[in-house]
Every structure is written in structure tokens, then in C-alpha cells.
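Novice: Have a look at this one before I ask anything.
The values are calculated or read from the model by the stated rules, or taken from the named source; none is laboratory data. The model shown is predicted, which means the values in this text are computed figures rather than measured ones. Here the Cβ is made from the backbone with ideal geometry for all residues, glycine too, and neighbour counts use every protein chain on show. We work out accessible area using only protein heavy atoms, side chains counted, and drop any ligands, DNA or RNA first. Shrake-Rupley method; radii C 1.70, N 1.55, O 1.52, S 1.80 Å.
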Amino acid sequence: MFSSQSLSRCPKNTSVSELAKIVHRDGGVVVEGLLTPNETRTLHDQLQPHVERRSPGFREDAGDDEFYGRKTVRIQGLAAKSRQFVDSILLNEILLGIADEILLPNCGNYWMSQAETIYIAPGNPAQALHRDDINWSFAAKQGIDLQMSALVALGDYDAEVGATMVVPSSHRDGYNSPIDASCAQPVEMKPGDALIYLGSLAHGGGANTSSDRVRKALYIGFLLGWLTPEEAVPLAIPLEIAQTLPTAARALLGLSSLRGNTATQGIESFAQLWQLDRDHLDQLEGTFLQQH
Ligand SMILES: O=C(O)CCC(=O)C(=O)O
């Protein structure tokens, strides 16, 4: 394990507190073998038909196509498309353990902000380096951690196919500070490895300069529960699938209420967000979808 110019690479059996310490220090870490080969293959295969149905590219206006990738396929609503996603990524004990340490000091609960495939085809140029926290710029000014994310390799993930570029330690510079692209370096990974990083770390998808290989990543982000997720997650989950999911998964997917900051005192600590008829969504066991 080493730090400084490159992000540290740690085996899966590294303790969660050690991983969280490294993430706090460097802005990110690579966990090797986060998923087993079997989990990686199943996840890939369950998502593949959905990926094939989707054309690459996004809206031309507002720079979406350029930023998200004209030759990139992103599909969301993953909890409804892949049970392996729920079991191996959304409920991954290592990811949640690190997220607990990073996010719970500033919220009662965190939830999933977004999960998507990021499949970059040959010829797609590098994405602009950015900090994800820019989505919540008012909160980012507080100087606290808002989001913890992971990019899991589901296939080739070398520099030629567009491995994620990161600027190690750039999380310390402030959410709006200029990003020195000359310090960016590719995070190469094997299938099943994961790059775990803070929303304040400067990063971006690399250019795919290969002739025939697609860079396959699975992204997930966890966000403080008092901020609005990027993806309208619960709208993508049909009732019959929601009811088959573990309670912990439903909570992360926005099918549960959120507690205020339990570290506070008095009325603040009782605040309940994302509720219905003043009832906690959990108490309705998912049936709130039918009742309203
Ligand atoms: O694809 C990657 O490696 C990073 C993607 C990313 O940062 C984004 O789309 O916001």
C-alpha cells in the first residue's frame, strides 16, 4: 500500500476503518476484488440486455452529450434490472461500512443518489475533470463530505479503454478550486475491483482510444439524506419488485423515510423527511405504494 501520487490499492480484507481513513486522507482508494468473478459476471450479464437496448449519447443541448459521452451508454433504475446489483453493490458491506464512517457524522441516514452503467465505446473522448459535489454547491460550501461513490470494473479497465482519471488528494483543495489536469492519472483495475472516492475528489472518465474494446463500469453514489439524489430512484422501481427487496435496500432506494441528524438535540433530532401522511414509510412495509 502506498499513498502520495497514486491512490492506494488495498485487498478486500482491509478493515473498513482503515479504508475510510485512506479515503479521508487521499480522497479515494482502490479495493481489489470487491466483487468475486462470479458476482461480476452475473451483474454484467443481467445488465447486458438493457445496455443493448439503449443507444449511446444524451441531449445535445447544455453540453450533456459532451459531458456524459456521445459514445457512452448509461442506464439507471438498476435495482429493478438486476438483483445482483442489489445484493452485491447496493448492500455491499464494505461500501456501506465506509459510507457509514464518511457520511453518518453529517446526517441521520444517507441514501443512494444514483447508480448507472458507464460503458465507454472506442472513440469517446475524455470527460472533463470535475467534482461530483458541484451538484450540491450550496452544501459543498460547508466543507463537509456530501457523497461517497464507487466505480466497479465489470470488464476491461485500463488506460487505453478509458480508465477513470483522478487527481489524488484534490479533495483537499475546496469544491470550486481549479483542477490541475496535469496531475490526473488513470486508475486501472481488473474486473471486480472498485474505485471508492469522495464527491470532492476531481476525476473524470478517460478517453477510449482502443479500436474495439468497451470500458465497462458500474457507478453507485451514496448521498447525505437531506440532499436530493441525482436519479429519481424510487420512480424506476415497480411495486412488485420493491416488495421483494430487503428493507435495507428499500431504505437506500428512497422507499423509506429519512431521519434528521441524530447527532443533534431536541426537535432537530426528531425531524423525519420523505414521509407520507406523517407516517414513516418503513411502517407501511412498502404497501404505501398501493395505498396512495
Ligand atoms: O466514467 C468514469 O470513469 C467517471 C464518470 C463520471 O465521473 C461522471 O460521469 O460523472
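Novice: From the list 205, 192, exactly one residue is away from the ligand (no atom under 15 Å from the Cβ), open to solvent by less than 50 Å² (accessible area, probe 1.4 Å) and touching a Ser or Thr at 6+ places or on another chain (Cβ under 7 Å). Which is it?
Specialist: That would be 192, the only listed residue that is away from the ligand (no atom under 15 Å from the Cβ), open to solvent by less than 50 Å² (accessible area, probe 1.4 Å) and touching a Ser or Thr at 6+ places or on another chain (Cβ under 7 Å).
Novice: On the basis of being surrounded by fewer than 14 Cβ atoms within 10 Å (Cβ to Cβ), modelled with pLDDT of 95 or more and assigned to a helix (DSSP H, G or I), does residue 17 make the cut?
Specialist: yes
Novice: Say we look at region 124-169 and pick out the residues that are away from the ligand (no atom under 13 Å from the Cβ) and part of a helix (DSSP H, G or I); which of these is most open to solvent (accessible area, probe 1.4 Å)?
Specialist: The extreme case among them is 138.
Novice: Within region 81-100, can one find any residue that is in a strand (DSSP E or B) and not polar (S, T, N, Q)?
Specialist: no
Novice: Can you tell me which residue in region 57-94 is least open to solvent (accessible area, probe 1.4 Å), limited to those that are basic (Lys, Arg) and within 16 Å of the ligand (Cβ to nearest atom)?
Specialist: Restricting to residues being basic (Lys, Arg) and within 16 Å of the ligand (Cβ to nearest atom), the top hit is 74.
Novice: Now for a separate question. Identify, please: which residue in region 208-224 is more than 16 Å from the ligand (Cβ to nearest atom) and open to solvent by 10 Å² or more (accessible area, probe 1.4 Å) and is, among those, nearest to residue 152 (Cα to Cα)?
Specialist: So the residue we want is 212.
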